[in-house]
Amino acid sequence: MYRSQVLICGGTGCTSSHSAQIIEAMEKELKAVGLENDVNVVKTGCFGLCALGPIMIVYPEGCFYSRVTVEDVKEIVDEHLLKGRIVKRLLYDETVTDTNDVKSLNETAFYKKQKRVALRNCGVIDPENIDEYIARDGYAALGKVLTEMKPEDVIQTMLDSGLRGRGGGGFPTGLKWKFATGGNADQKYVCCNADEGDPGAFMDRSILEGDPHVVLEAMAIAGYTIGANQGYIYVRAEYPIAVERLRIAIDQAHEYGLLGKDIFGTGFDFDIELRLGAGAFVCGEETALMTSIEGHRGEPRPRPPFPAVKGLFGKPTILNNVETWANVPQIILNGAEWFASMGTEKSKGTKVFALGGKIKHTGLVEIPMGTTLREVIEEIGGGIPNGKKFKAAQTGGPSGGCIPVEHFDVPIDYDNLIAIGSMMGSGGLIVMDEDNCMVDIAKFFLEFTVDESCGKCTPCRVGTKRLLEILTKITEGKGTLEDIDKMEQLCYYIKENSLCGLGQTAPNPVLSTLRYFRDEYIAHVVDKKCPAGVCKSLLSFNIDKEKCIGCGLCAKNCPASAIERTDYIAPGHKLASFAIDKDKCVKCGVCMSNCRPKAIEKK
Amino acid sequence: MKSLEELKAIRDKAKGGLAVRDESDASTKIVVGMATCGIAAGARPVLNAFSEEVARRGLSDVMVKQTGCIGICQFEPVVEVFQPGKEKVTYVKMTADKVAEIVTEHIVNGRPVTKYTIGANE
């Protein structure tokens with residue numbers, strides 16, 4: 001029996017800031033003071049507040065220590081665990097009350113508005129220990145389904161719950177399962193799409209790292225429902241921690257007989273295998289993913305036939321994304337009504353978002369559908385750092401769009417986001433402030449899709465390339481108004497004619513920025529200016545000769561030797577001022593960051 | 001895994017270990033003074049005994065925690081019991097073998113064990 005438990009985040013974010021070494025140091029220090037049998041050190045999945053990592057929570061007090069270093073460990077052991085004195089300097093400041101008491105993490109702005117369903121075990125259990133998953137009602141839903149429910153009951157529950165695909169499309173999960181029940185195929189399959197590829201998205205990764213068993217359990221439930229006995233998880237090889245924990249989870253489930261033959265003595269067999277993807281973005285598209293599992297080059301194929309009819313190896317297959325799976329056992333245990341009570345009319349439940357970009361609390365949040373963007377960014381996310389002004393939020397990654405400030409109060413759900421020109425996507429949410437150039441953002445996402453286009457169909461392969469060329473032309477100040485119109489036309493052409501979701505959505509970043517930030521495009525084309533000061537070709541650096549004190553730091557640091565002293569001495573100064581030779585200047589901005597009197601400006 | 005009972009047995013066994021991580025709105029708090037004076041007087045076995053006893057009885061609304069010096073070092077080990085709406089009870093000169101009695105009488109049956117409290121020792 002442990003009297004105290006120390007939970008340390010072993011997610012990717014905290015691992016990259018050395019949480020593994022902290023765990024090691026913690027175990028060593030505990031041993032040194034003879035507490036190794038009193039205090040339990042647990043490596044968990046992501047807590048969500050990645051910006052404050054590495055994170056450590058000490059129970060029973062519930063102390064939330066943030067940005068812990070290996071050097072801090074000894075102090076935590078000596079003071080807190082040995083003597084019961086909380087190390088206040090390491091506490092996350094929002095968990096300290098005015099009276100200097102510790103308050104629960106759930107009362108902080110970051111957690112208060114969250115509702116954790118898919119993430120319920122992340123940061124709570126040790127993902128490498130099946131007992132802890134079972135302690136939190138793990139595999140109880142599978143037991144209930146196998147012993148009490150008929151396949152049609154499960155489908156009815158899924159339909160009633162209103163759960164829609166969390167990978168981005170938003171297709172009703174129950175309906176997808178229903179389509180796969182028909183027919184009398186000799187073999188069916190259940191697949192998990194863990195090929196999360198949007199830049200800035202880490203929802204699925206965190207679920208796999210923090211709660212791998214939930215995916216296994218949900219897949220087995222689906223297997224029973226449609227009559228499949230084989231599952232595949234397609235996960236990218238770039239997620240080594242997730243892959244490792246999935247392997248451990250599958251082994252443990254086998255050991256307990258929760259995967260394999262005759263589960264719960266009901267005669268139901270189910271097994272799961274891992275397939276590692278090499279990181280091609282297009283393999284997140286369902287038909288391309290299945291082609292890749294079959295061992296071929298990952299390319300999409302036309303639909304219909306849909307996977308539910310003719311999927312993996314030509315057999316009926318259901319494919320859901322990690323977050324969708326993570327909701328399933330909770331729906332079975334708590335009922336469809338419970339799930340449908342959260343969210344909006346057409347989008348039920350919660351959604352996980354990966355908050356990134358210009359935001360204070362970078363991290364992972366799960367909110368009920370219908371929460372507004374304002375609540376997510378200003379309250380949960382803590383707002384924009386450095387007093388900058390919010391410009392737009394990008395959702396849906398390279399398939400989504402930018403949402404400007406005028407839609408700040410729109411409740412987030414599938415249909416609302418599409419109506420304002422973006423999409424839910426898998427849940428990446430990148431916040432941009434006044435220093436971001438929207439043309440440059442559109443260009444960034446286009447560069448990504450051009451790289452990732454598989455090349456099978458022409459509209460996507462050639463169209464996105466041409467689109468990027470026009471965008472590049474605009475950011476270099478060589479664009480014309482005609483180019484903007486041409487670009488818009490091309491966008492619609494690509495959307496209408498591409499084979500798969502990648503091409504059909506690739507122009508969205510351009511279209512949505514054109515819709516809301518056309519003035520920025522026009523500034524680039526007509527005034528040859530980049531209002532945010534990002535597009536280098538349109539910038540020029542100038543030294544204000546009246547402010548220049550002639551110290552020469554700029555000239556000394558200029559990598560292009562583009563700065564020289566002039567003959568002019570400003571009134572009140574002793575040394576002659578400097579000037580930039582615009583022909584030589586490479587616009588790196590080093591001079592500006594070195595200038596003490598702030599005499600250099602970029603325009 | 002051949003039956004639901006098997007699963008339930010694993011769940012019940014593992015559950016106790018996780019209870020401490022629930023953001024508890026524990027109504028009863030048992031606080032053990034674990035400053036240098038307390039540790040020297042033998043507070044650690046007392047703390048462990050409380051944790052074990054509470055877990056053994058499955059008292060989910062009871063939280064066992066430690067604190068620093070309570071300020072009456074001559075009476076260490078000191079244990080304070082806080083319950084909402086009731087006056088704080090302070091047990092002094094605690095030993096591990098007094099723990100079971102305190103948990104049974106005070107925490108479960110609501111009758112503080114006065115012979116171990118500070119009032120009886122002054």
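Every read-out reported here was derived from the displayed coordinates using simple, explicitly stated rules and does not represent laboratory data. Keep in mind that this is a model prediction, so the values were computed, not measured. Counting neighbours? That spans all protein chains shown, and the Cβs are built from the backbone with ideal geometry, glycine included.
List of remarks:
- The GluC sites (Glu not before Pro) found in the range A:175-280 that occupy coil by DSSP, while having at most 16 further C-beta atoms within 10 Å, are A:Glu238.
- For the range A:265-279, 3J(HN,Hα) computed residue by residue from phi via the Karplus equation (6.51, -1.76, 1.60; θ = phi - 60°) reads x, 9, x, 8, 10, 8, 9, 10, 10, 8, 10, 8, x, 8, x Hz, glycine and proline entered as x.
- Of all aspartates and glutamates in the structure, those lying under 12 Å Cα to Cα from A:Lys31, and not within fewer than 8 positions of it along the same chain, are A:Asp78.
- Rounded FRET efficiency, nearest 0.05, which uses the C-beta distance separating A:Val70 from B:Ala40 and R0 of 25 Å: 0.30
- In a fully extended conformation the segment linking A:Leu575 and A:Gln156 would gain 142.6 nm over its present Cα-Cα distance, using 0.36 nm per residue.
- The share of alpha-carbon pairs in the range A:4-108 lying farther apart than 19 Å comes to 37%.
- Built amide H within the under 5 Å cut-off of A:Leu274, gap 5+: A:Ile233
- Descending semi-axes in Å of the range A:350-433, equivalent ellipsoid built from Cα gyration tensor: 18, 13, 12
- The loop-placed trypsin sites (Lys or Arg not before Pro) in the range A:379-478, going by DSSP, that have at most 16 neighbouring Cβ atoms within 10 Å of their Cβ come out as A:Lys388, A:Lys389, A:Lys478.
- P(r) tail fraction, the range A:122-224 - alpha-carbon pairs more than 24 Å apart, %: 31 percent
- Among the listed pairs A:Lys144/B:Lys8; A:Lys582/A:Lys602; A:Lys389/A:Lys528; A:Lys103/B:Lys29; A:Lys88/A:Lys358, those whose Cα-Cα separation exceeds 18 Å are A:Lys389/A:Lys528; A:Lys88/A:Lys358.
- Partner aspartates and glutamates for A:Lys598 [C-alpha distance under 14 Å; skip if fewer than 8 residues away on the same chain]: A:Asp544, A:Glu546
- Converting phi to 3J(HN,Hα) with the Karplus coefficients 6.51, -1.76 and 1.60 and the offset θ = phi - 60°, the range A:288-302 yields 5, 4, 5, 4, 5, 4, 5, x, 9, 4, x, 10, x, 10, x Hz in sequence order, with x at every glycine or proline.
- Of A:Lys529/A:Lys584; A:Lys150/A:Lys351; A:Lys536/A:Lys574; A:Lys495/A:Lys529, those spanning more than 23 Å from alpha-carbon to alpha-carbon: A:Lys150/A:Lys351; A:Lys536/A:Lys574; A:Lys495/A:Lys529
- Summarising the label geometry, the points placed 7 Å from Cα in the beta-carbon direction at A:Asp527 and A:Asn37 lie 7.4 nm from one another.
- The lysines whose alpha-carbon is closer than 17 Å to the alpha-carbon of A:Lys315, local same-chain residues fewer than 8 away aside, are A:Lys176, A:Lys178, A:Lys188.
- Annotation: amide H of A:Val96 within the under-5 Å range of A:Lys103, sequence separation 5 or more or interchain, hydrogens built in the peptide plane.
- Taking other Cβ atoms within 10 Å as a rough exposure proxy, B:Ser27, A:Ser399, A:Ser19 sort from fewest to most as B:Ser27, A:Ser19, A:Ser399.
- Separation in nanometres of the label points that stand 7 Å from Cα toward Cβ, at A:Ser593 and B:Asp12: 6.3 nm
- Remark: spin-label model distance B:Ser60-A:Val96 equals 3.4 nm, labels positioned 7 Å along the Cα→Cβ axis.
- The orientation-averaged projection of the convex hull spanning the C-alpha atoms of the range A:39-89 amounts to 3.6 square nanometres.
- Spread of Cα-to-Cα distances over 10 Å intervals beginning at zero, given as percent, for the range A:451-557: 14, 35, 24, 13, 9, 4, 0
- Theoretical FRET efficiency, 1/(1+(r/R0)^6), r = Cβ-Cβ of A:Lys486 and A:Lys536, R0 22 Å, to 0.05: 0.35
- Residues whose placed amide H lies under 5 Å from that of B:Cys69, excluding near-sequence neighbours: B:Ala35
- Bins of 20 Å from zero: percent of alpha-carbon pairs in the protein assembly as shown: 16, 40, 30, 12, 1
- A:Ala140 sits among other residues whose Cβ lies under 13 Å from its own Cβ, and their net charge, with Lys and Arg +1 and Asp and Glu -1, is -1.
- Note, ³J(HN,Hα) from phi for the range B:112-118, Karplus 6.51, -1.76, 1.60, rounded to Hz, x at Gly and Pro: x, 8, 5, 5, 9, 7, 5
- Convex hull volume per residue in cubic angstrom - Cα atoms of chain B: 122 Å³
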